[in-house]
Amino acid sequence: MAESAWLEGTLGDLEGDALTAPLLEWKKALPEALREVCNRIATAKGGVWLVGGSVREAMLGNPWKDLDLTTTLNPDEILDLFPRAIPTGAQFGTVTVRTADSEIQFEVTTLRSEGTYGDGRRPDEVTFGDSLNEDLSRRDFTINAMAIDLARNIIHDPYGGVEDLENQCLKAVGSAEERLGEDGLRLLRAYRFMDQGERGVWEPNSELSNALLSCGNMLENVSEERVWSEFYRILCGKNAAAILERMRKDGALSRILPGWDAEIDLQYLLQVPEKDGFACRLVLLASEIPSERWRRMEHDLRALKLSNKEREIVMDLHHLLGHLPAEGPEFRRYRSSVGDLIEAHLAIEDVLHPIEAGVAREELAKLAPLKAGNEPLVDGHLLSSKSDLPAGRRLGRLKEWLFCIQIEQDLANSDEVIALLDLLDWKNTDPESWPDSNWP
Ligand code: ATP
Ligand code: MG
């Protein structure tokens, strides 16, 4: 990218420092579409700065993921400038912008100087301003309160974010107690930013640590969707064990999911596979909740607004806790019923019941695929004609019983299944007492 091609927008009201050589290098990898967006704003006499996560990641030498901009233009002016723009959060000044020939989206937010936080969720009113200084002052942490003027190659860092990045220290902008008291989501963001992936766990300074305790009740004011989206990211983090340990100690965990704070060594949480990892970790946290309390658990997960799919995975895995197959035919039924969740379940049992889990793994590895696959060989019609049972509960249960045996004994064809009718006492017993193919 030729440097001269970035047009200078309005100058901000903050002093800045020249971009260092690594940052200039980082800038070269920014997409052409970003320059187009910035230049169009500059041409309309607006000021424009790169802010938020991308600046933080740039300082850490990481490639950009999402690019957030802040501008002196108001949302209507941005919408006029970009025909493909969508007002995604216009009341908070945010417009999602795309250029004509790129699918990359940029969140462009008008400089804010917002008012009070009456409900601790969202500011009561957002006032648009023209002060970069004021906008950065309302951001959560110093490492998130930096801005880059890409045309002038200047970084604005009024709160010492660069230094805190170097010291691997998490600090609120201004008074930690005040900032967490305004918006409870910042507590969760604090826990999330403590987990710096490969770079380890970053400690909050003592002021922020204290505020995490004294403002704990603020979590109750945050909308469930926002809690879950942050908490999900915490659960998936590389250092989730340390972060959740701290949340457990601080009492934050039990505020989000009461009772989901088992007294296990959370280091074990790091053992779970990536697939469904969030669910494995949640289930380990819930491993002391007895299965009879499943209604309460499901209620907790519904309240937290997990998707149906996410909720089902967690509930299914919890239902499987402690239920490992131990003898011959059970292994086939377990495999066929648990299906895609086997890896996740065994990973959980590796923690809770390592010996039994080891045995199950060995036996499952030896098991050949089912000769007839995972579908019933005998359907209702055939079974009705062979048993003289009419359609109804009895016939349905008999079909399930036969399917259970088909799986456990690995039967190969419908004759073998029908032959069972002569061996089972299905005429004189209660159909509700018959087994089915579900595990456990
Ligand atoms: P990532 O995109 O990796 O989640 P991010 O820091 O970009 O990290 P965003 O949610 O995209 O997080 O927010 C962008 C910026 O907006 C943040 O860097 C921060 O400056 C500010 N911000 C976001 N949420 C809050 C909040 N609840 N309170 C104050 N400032 C916030
Ligand atoms: Mg971001």
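The values are calculated or read from the model by the stated rules, or taken from the named source; none is laboratory data. Since this is a predicted model, take the numbers as computed values, not measurements. Neighbour counts run over all protein chains shown; Cβ positions are idealised from the backbone, glycine included. When the accessible area is computed, the model is the full protein with side chains, heavy atoms only, and any ligands, DNA or RNA have been set aside. Shrake-Rupley method; radii C 1.70, N 1.55, O 1.52, S 1.80 Å.
On the stretch given as the range 195-227, residues that are under 16 Å from the mean Cα position of the chain (by Cα) and of a type outside the set (D, E, K, R) total 4. Checked against (1) surrounded by fewer than 21 Cβ atoms within 10 Å (Cβ to Cβ); (2) small (G, A, S); (3) in contact with a Pro (Cβ under 6 Å, 6 or more places away or on another chain), G61 passes all but condition (3). For G46, the stated conditions do not hold, so it cannot be described as in contact (Cβ under 8 Å) with a residue 60 or more places away in the chain, open to solvent by less than 40 Å² (accessible area, probe 1.4 Å) and part of a loop (DSSP other than H, G, I, E, B).
Filtering the range 155-177 to residues that are more than 11 Å from L212 (Cα to Cα), open to solvent by 20 Å² or more (accessible area, probe 1.4 Å) and not in a loop (DSSP other than H, G, I, E, B) leaves V162, E163, E166, C169.
Every listed requirement among (1) modelled with pLDDT of 95 or more; (2) assigned to a helix (DSSP H, G or I) is met by T96 save one, (2). Checked against (1) in contact (Cβ under 8 Å) with a residue 40 or more places away in the chain; (2) under 20 Å from N144 (Cβ atoms); (3) surrounded by 14 or more Cβ atoms within 10 Å (Cβ to Cβ), R199 meets all criteria but (3). Is one or more of the residues making up the range 17-26 open to solvent by 30 Å² or more (accessible area, probe 1.4 Å), more than 15 Å from ligand 2 (Cβ to nearest atom) and more than 15 Å from I148 (Cα to Cα)? No, the range 17-26 has no match at all.
Just a yes or no: is a residue in the range 341-353 more than 19 Å from C280 (Cβ to Cβ) and either surrounded by fewer than 17 Cβ atoms within 10 Å (Cβ to Cβ) or in contact with a His (Cβ under 7 Å, 6 or more places away or on another chain) (or both)?
Residues of the range 341-353 that are more than 19 Å from C280 (Cβ to Cβ), as a first pass: none.
No - not one qualifying residue is present in the range 341-353.
Counting the residues of the range 308-334 that are in contact (Cβ under 8 Å) with a residue 12 or more places away in the chain and outside any helix (DSSP H, G or I) gives 6.
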